[in-house]
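The values are calculated or read from the model by the stated rules, or taken from the named source; none is laboratory data. Worth saying up front: this structure is predicted, and the values here are computed from it rather than measured. No Cβ is skipped: glycine too gets one built from the backbone with ideal geometry, and neighbour counts run over all protein chains shown.
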Amino acid sequence: MAEKKKESSVLPDEIILNKIYFIREQKVMLDSDLAELYGVETRRLNEQVKRNISRFPEDFMFQLSEFEFESLK
């Protein structure tokens with residue numbers, strides 16, 4: 001029997017795992033990485049989250065400190 005090919009829209013786990021960081025004892029993804037995965041601009045992703053904040057858990061997002069952000073670079 002022939003195997004079905006995975007859809008091209010499915011991302012390899014390795015790509016997603018490389019975009020997960022451990023910050024403040026939590027696994028997180030940066031908004032820019034999420035936007036890239038969804039194929040939208042970062043500002044549009046943030047706008048939609050803010051507009052629909054009631055759909056997300058309270059701890060869904062937080063602002064990185066300048067030190068945390070610089071440490072990721």
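So here's what we get for this one:
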item	result
Close pairs (9 angstrom Cβ cut-off, 6 or more residues apart or separate chains): surrounded by 11 or more Cβ atoms within 10 Å (Cβ to Cβ) in the stretch 1-24, modelled with pLDDT under 85 anywhere	Y21/L72; I23/L72
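Table: residues versus (1) surrounded by 10 or more Cβ atoms within 10 Å (Cβ to Cβ); (2) out of contact with any strand residue (DSSP E or B) (no Cβ under 6 Å at 6 or more places or on another chain); (3) within 25 Å of V10 (Cβ to Cβ).
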| site | (1), (2), (3) |
| --- | --- |
| Q26 | no, yes, no |
| L30 | yes, yes, yes |
| L34 | yes, yes, yes |
| Y38 | yes, yes, yes |
| R43 | yes, yes, no |
| I53 | yes, yes, no |
| E58 | no, yes, no |
| S65 | yes, yes, no |
| F69 | yes, yes, no |
